[in-house]
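Below is one structure, written out as structure tokens; the observations come after it.
The values are calculated or read from the model by the stated rules, or taken from the named source; none is laboratory data. These figures come from a predicted structure and were not determined experimentally. To get the accessible areas, we keep the full protein, side chains included, count just its heavy atoms, and leave off ligands, DNA and RNA. Shrake-Rupley method; radii C 1.70, N 1.55, O 1.52, S 1.80 Å.
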Amino acid sequence: WRKVCGLLLDATLDGERLATAIVGIGLNVNVPAAALADFATPATSLLAAGGRPVARRPLLAALLARLEQGYEAADAGQAPAEAWAARLQTLGQAVTVTAAGSAAPLLGVAEGVDEYGRLLVRDVAGQSHTIAAGDVTLRAR
């Protein structure tokens with residue numbers, strides 16, 4: 001697998017209700033394979049993966065429409081955790097989690113998500129960890 005995008009989310013709650021959400025998305029669209037940076041997590045682009053250029057405006061319009069649907073569902077009190085878990089490629093996989101402020105990366109297996117969409121990772125000692133934010137990458141077992 002290769003990483004085509006990154007996502008950063010910050011939200012505030014008013015009690016149990018979503019008050020604000022700020023989403024940052026970086027998506028590699030028409031970047032030729034030769035121009036992709038060499039990172040620990042291999043990168044790709046829609047161009048490199050699909051073999052043809054992608055029209056950016058229709059892609060942006062579709063992405064914004066889906067984000068709006070998700071926001072409206074969350075604003076109506078619908079938790080995205082089940083839909084989120086169904087799409088995660090990391091579940092059942094060995095992962096490395098690097099979280100801000102942690103001294104060392106967490107090595108374990110991604111087991112699921114909780115009702116808030118936080119990743120549940122079981123470490124090599126069998127302890128479960130709830131990950132609210134961090135960089136999660138697949139690793140060889």
(request) Scan (1) open to solvent by less than 80 Å² (accessible area, probe 1.4 Å); (2) not in a loop (DSSP other than H, G, I, E, B) for the single condition Val54 breaks and write down its number. (result) (2)
(request) Only residues that are farther than 26 Å from Gly70 by Cα and open to solvent by 50 Å² or more (accessible area, probe 1.4 Å): list them for the range 21-33, please. (result) Pro32, Ala33
(message) Can you tell me how many residues within the range 67-79 are more than 16 Å from Leu8 (Cα to Cα), open to solvent by less than 100 Å² (accessible area, probe 1.4 Å) and either of a type in the set (Ser, Thr, Tyr) or under 19 Å from the mean Cα position of the chain (by Cα) (or both)?
(response) 3
(message) Looking at the range 86-109 only, could you name the residues that are more than 13 Å from Asp135 (Cα to Cα) and within 13 Å of the chain's Cα centre (by Cα)?
(response) Ala86, Arg87, Leu88, Gln89, Leu91
(request) Kindly establish whether Leu36 is open to solvent by 40 Å² or more (accessible area, probe 1.4 Å) and of a type outside the set (Phe, Trp, Tyr). (result) no
(request) May I ask you to list the residues in the range 92-131 that are at pLDDT below 85, open to solvent by 50 Å² or more (accessible area, probe 1.4 Å) and small (Gly, Ala, Ser)? (result) Ala100, Gly101, Ser102, Ala103
